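What follows is a single structure, written as structure tokens, with notes after it.
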Amino acid sequence: MTQRDFAKIVSCSFSLIALVEIGKRRVTSNLESKIKTAFDLDDQQLQSIASLVSEFSKGIPPFM
């Protein structure tokens, strides 16, 4: 999925997604809510995804 596809699904601007991805903007509670709604996620699922992303960004396999 591209950033543009993601932005359309979440109903926000492409530029916001791009800025979040490079670390120049934070995920606001409003954006988090839109993501949870768009992908039918609960808080636990979102936290699991965030943990995996964090581990991947460190270069550490999460399933060791």
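The values are calculated or read from the model by the stated rules, or taken from the named source; none is laboratory data. Please read all numbers here as calculations on a predicted model, not as lab measurements. Counting neighbours? That spans all protein chains shown, and the Cβs are built from the backbone with ideal geometry, glycine included. Protein only, heavy atoms only, side chains kept; ligands, DNA and RNA dropped before computing areas. Shrake-Rupley method; radii C 1.70, N 1.55, O 1.52, S 1.80 Å.
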(Q) To the nearest 20 Debye, how big is the dipole of the chain about its Cα centre, given +1 on the beta carbon of each Lys and Arg and -1 on that of each Asp and Glu? (A) 320
Q. In sequence order, what are the phi-derived ³J(HN,Hα) couplings for the range 9-21 according to the Karplus relation 6.51 cos²θ - 1.76 cosθ + 1.60 with θ = phi - 60°, rounded to whole Hz, with x for glycine and proline?
A. 5, 7, 6, 9, 7, 4, 4, 4, 4, 4, 5, 5, 4
(Q) Just the number please: accessible area per residue for the range 7-47, 1.4 Å probe, all protein chains included, in Å². (A) 74
Q. Once the dipole of the range 12-64 is set up with Lys and Arg at +1 and Asp and Glu at -1 on Cβ about the Cα centre, which of 14, 39, 29 lies farthest towards its positive end?
A. 14
Q. Once fully extended, how much extra length lies between residue 19 and residue 42, figured as 0.36 nm per residue of separation less the alpha-carbon to alpha-carbon distance?
A. 5.9 nm
Q: Step through the residues of the range 34-51 one at a time and calculate ³J(HN,Hα) from phi using the Karplus curve (6.51 cos²θ - 1.76 cosθ + 1.60, θ = phi - 60°), rounding each to whole Hz and writing x for Gly and Pro.
A: 5, 5, 4, 5, 4, 10, 6, 10, 9, 4, 5, 5, 5, 5, 4, 5, 4, 5
(Q) Ignoring ligands, DNA and RNA, please state the percent of accessible area on the chain from carbon and sulfur, probe 1.4 Å. (A) 55
Q) Between (1) 20, 49, 29, 2; (2) 24, 67, 9; (3) 23, 60, 16, 0, which matches P(r) over Cα pairs in 10 Å bins from 0, in percent calculated for the structure shown? A) (1)
**Q.** Net charge contributed by nearby residues that have their C-beta within less than 15 Å of residue 11 (K/R +1, D/E -1)
**A.** +1
